[in-house]
Amino acid sequence: MTSQGGSNDPTKDGSASGRPHATPETRSTSLKEALAALGQGDDKEISPGEATSGVESIMNDKDVQPSSVAPSKAQPETITESGGPKTKVFGGSDEELKYYQEPVVGWLVVVGGPGIGAHRPIYTGSNTIGSASDQRIPIDFGDEYISKREQAYIRYDADDRQFLFIPNLAKTNVVSIDNVKPTSAVRLMPYDIISMGNTQLVFIPFCGDEFDWSDLPVHPK
């Protein structure tokens with residue numbers, strides 16, 4: 001289940017580290033069963049060698065740098081509407097949708113640990129995950145076993161409409177997806193369970209094959 005290394009660009013290969021592409025027909029394990037199995041299965045430990053193999057190319061990819069927090073097409077531009085709230089325009093074209101706020105592409109829902117019942121949005125591009133409030137996905141519910149910054153990253157690419165989970169192997173706090181500890185980028189599938197510290201998060205996509213914000217009709221600026 002884990003990748004032992006490799007230099008393939010995970011953004012160009014839908015299999016990302018060789019993880020099978022689950023479908024509603026083939027994904028037989030229900031969310032309830034997966035939650036019940038947390039902590040009972042054989043967590044796959046990784047050696048220090050495995051932890052560094054094949055990951056540097058991912059972490060050094062300019063498109064998945066942790067500091068890249070803006071949508072992939074362009075930096076947001078803030079426009080003040082007369083008599084109304086500020087509206088952000090995402091994209092560099094003269095004809096782009098005017099969004100009230102940065103559009104959400106998915107969510108992480110807390111199903112275990114501190115913060116249970118809460119959720120956090122996921123945005124286009126690279127999303128840093130950590131317990132500090134300045135993270136793009138702040139898991140700031142008091143779990144001291146989650147790193148403050150850059151515990152991991154989630155990236156949504158609007159071009160291929162896929163979500164990638166990228167662990168930060170420089171951290172000693174190991175994360176897992178469905179009880180498997182990845183050593184490189186992994187494609188996220190609906191209802192995957194991400195475990196970090198004492199917290200479990202269920203991945204819920206909004207954008208994907210069926211919809212992306214770019215599908216909306218273009219409104220003149």
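FYI, it's all coordinate maths here, none of it is from the lab. Since the structure is predicted, the reported quantities are computational estimates derived from the model, not experimental observations. Note: ideal-geometry Cβ built from the backbone for every residue, glycine included; neighbour counts use all protein chains shown.
Extent along the principal axes, Cα only, for the stretch 130-178: 35, 20, 20 Å, with the longest axis given first.
Sorted into 10 angstrom bins from 0, the C-alpha pair distances of the stretch 147-213 split as 20, 52, 24, 3 percent. Residues ARG155, ARG149, ARG187, ranked from the fewest to the most other C-beta atoms within 10 Å, line up as ARG149, ARG187, ARG155.
Ordering TYR100, TYR156, TYR145 from the fewest to the most neighbouring beta carbons within 10 Å gives TYR100, TYR145, TYR156. For the stretch 98-221, the relative contact order is 25 percent, taking Cα pairs closer than 8 Å that sit 6 or more residues apart in sequence and dividing their mean separation by the residue count. Summing +1 for each Lys or Arg and -1 for each Asp or Glu, what net charge is found among the other residues whose Cβ lies under 12 Å from the Cβ of PHE203? Net local charge, PHE203 excluded: 0. The order of MET196, MET189, going from fewest to most other C-beta atoms within 10 Å of their C-beta, is MET189, MET196. Is the C-alpha gyration tensor of the stretch 99-221 telling us rounded, prolate or oblate? Criteria: a/c under 1.5 is rounded; beyond that, a/b larger than b/c is prolate, otherwise oblate. Prolate.
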